[in-house]
Amino acid sequence: MNPPLIAVEGTYEEMGAELGRRTSELVARSLETYLRRFRDQAGLSDADVLRWGATYLDVARGYDADIAAMLEGLAAGAGRPVEHITALNARTEMLYGTGYRDEGCTSVAVLPKHTRSGHTLLAQNWDWHPEQGPVTFLLATRDTEGFAVLTLAEAGMLAKSGLNSAGLGVCANLLVSDRDKGGAGVPYHYLLRGVLQSRTMSKAHRRVLDVPRISSGNLLIADAGGEAIDLEVAPEVFGTLLPQDGLITHSNHFQCPLPLVDRKAATSALTLLRPTRARHLLEDAAAAGTLEPADIVRTLRDHYSHPDGICRHVDPDVGKDEQVSSVYSVVMDLDARELSIAAHPPCERPYERWRLAELFTPGAEPEICFPIEEDHA
């Protein structure tokens, strides 16, 4: 089942409160899962979680007042301690900063000169624990100035991959390095929301790069202006990748020569080949200038090295807590401000296309697109 749409409008505190009220049961389920993971896999007590949650609340207030107001409103609306909500939004740091390791995603950006429509395209498969699928949804926000964001979000959180009304979009990929640490830095999911709150590419860069970071991560950013850039970030260092032949592809290892030790490259399923595999599948159409969203969908449904390919399936030999799959697959047309999404497994489901301009109309419904192809059935 594809995710529901939750659309909220108003001030950031009002939007957070409405989001909390409408997703309170999902927030409870998401918190139950992550509090268990914090305890069992990261060794964090309830007191530890509240203490770090308070730290990340202070960080949010210093990083972006609108993000902080939305988090505080969400907590009030859901009837939860705000420290639990900020801990959820810092779950990467809460888990990975303590030595816990898990999975990531495959992302793609295509410049407009290489697409049939002349539009910038951005896409990814989000590979994560299947248990989070039912508590993940599309979050649409529109503030009092009319600025709108559409993003995938786990319950209690504010961002993942998405786009905004300025035509700017971002995709997320997990990275892990020996520089990752605990402390009072800006959590990765704050950075994602910070990008989506940006009206220009320049401001998005500053929201990611000119801040203290305590964890590694990858942000593939593109816009309707026709540019794309990949930012590999870690505490105190960062690297950039620019399009080659109109494409950027990324997974879960560092591709830039940064002064760090990559803690994920050797263990993340097929990460060393997934970006190259995606490029191989897309490069002919990109070279011809005829690449379409359907070409990207076929790539996101690719089963090379099954079950660990771009279209990730659960490995039956892996324990339940370590199971990972392509929970959701997302394709964005940044010029049209459209986001298409399919739930796991995207190889067996059509996508649903949402148009940002229509999300706040009562009774808004998505358009079914990208039907299942015979060779992926």
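Specify which residue in the list V170, L191, A204 is farthest towards the positive end of the charge dipole of the range 160-206, using unit charges on the beta carbon of Lys, Arg (+1) and Asp, Glu (-1), about the Cα centre.
A204
Non-local amide H neighbours of Y328 (under 5 Å, H modeled in plane, Pro and chain starts lacking H): which ones?
Here the answer is W126, since their amide H atoms fall under 5 Å of that of Y328.
Can you give me the long-range amide H partners of L168? Hydrogens built in the peptide plane at 1.01 Å from N, cutoff under 5 Å, separation of 5 or more residues or another chain.
The list, which skips near neighbours in sequence, is A224.
Among L31, L19, rank each residue by its count of other Cβ atoms within 10 Å, from fewest to most, as a rough exposure measure. Can you show the working numbers first?
Details: L31 22, L19 26.
Listed from fewest to most nearby Cβ atoms, that is L31, L19.
Would you mind calculating the relative contact order of the range 5-376 from Cα pairs under 8 angstrom and at least 6 residues apart, reporting the percent as a whole number?
Answer for the range 5-376 is 18 percent.
Which of H306, H84 has the fewest other C-beta atoms within 10 Å, and how do the rest follow up to the most?
H306, H84
Along the charge dipole of the chain, Cβ charges K/R +1 and D/E -1, which of A140, L242, L5 sits furthest on the positive end?
Final value for the positive-end residue is L242.
Under the definition of Cα pairs under 8 Å and six or more residues apart, what whole-number percent is the relative contact order of the range 187-339?
Answer for the range 187-339 is 13 percent.
Post the alpha-carbon centroid distance, the range 5-43 to the range 213-290, in whole angstrom.
One Cα centre to the other: 29 Å.
Hey, if you put +1 on the Cβ of every Lys and Arg and -1 on every Asp and Glu Cβ in the chain, which of A287, L19, S215 ends up farthest toward the positive end of that dipole?
Going by the Cα projections, it comes out as S215.
Take F360, F38 and order them by how many other Cβ atoms sit within 10 Å, fewest up front.
Taking fewest neighbouring Cβ atoms as first place, the list is F360, F38.
Using helices alone, what [θ] at 222 nm do you get for the chain, with -39,500 (n - 2.57) per DSSP H run of 4 or more residues, divided over all residues and rounded to the nearest 500?
Mean residue ellipticity, 222 nm, calculated: -9500 deg cm²/dmol.
Each residue of the range 121-132 in order: what ³J(HN,Hα) in whole Hz does its phi give by Karplus 6.51 cos²θ - 1.76 cosθ + 1.60, θ = phi - 60°, with x for Gly and Pro?
So the J values, rounded to whole Hz, are 10, 9, 7, 6, 9, 9, 9, 7, 5, x, 5, 7.
Which of the aspartates and glutamates could a cross-linker span from K181 if the Cα-Cα distance has to be under 15 Å and same-chain partners fewer than 8 positions apart are dropped?
Those aspartates and glutamates meeting the cut-off are E93, E236, D262.
Mind checking the dipole of the chain: about its Cα centre, +1 per Lys or Arg Cβ, -1 per Asp or Glu Cβ, Debye to the nearest 20?
540
Once you have a ≥ b ≥ c as the square roots of the Cα gyration tensor eigenvalues for the range 290-361, tell me rounded if a/c is under 1.5, and otherwise prolate or oblate according to whether a/b is larger than b/c.
Taking the square roots of the gyration eigenvalues as a ≥ b ≥ c, the range 290-361 is oblate.
Bin width 10 Å, origin at 0, all Cα-Cα pairs of the chain: what percent of pairs per bin?
Once binned at 10 Å, the Cα pair distances of the chain give 5, 26, 37, 25, 6, 0.
Return the aspartates and glutamates within reach of K203: Cα separation strictly under 13 angstrom, same-chain partners fewer than 8 residues apart disregarded; answer none if there are no such residues.
Cross-link targets: D64, D223.
Determine ³J(HN,Hα), in whole Hz, for all residues of the range 56-63 in sequence, where each value follows from phi through the Karplus function 6.51 cos²θ - 1.76 cosθ + 1.60 and θ = phi - 60°; x replaces Gly and Pro.
Karplus values, whole Hz, x for Gly and Pro: 6, 5, 4, 4, 4, 5, x, 7.
Given Cβ point charges of +1 (Lys, Arg) and -1 (Asp, Glu) and nothing else, what value in debye, to the nearest 20, does the dipole of the range 145-239 about its Cα centre take?
For this selection, approximately 220 debye.
Every number in this text was worked out from the coordinates using simple rules, so none of it is lab data. All values derive from a computational prediction rather than experimental measurement. Every residue, glycine among them, receives a Cβ derived from its backbone with ideal geometry; neighbour counts consider all protein chains shown.
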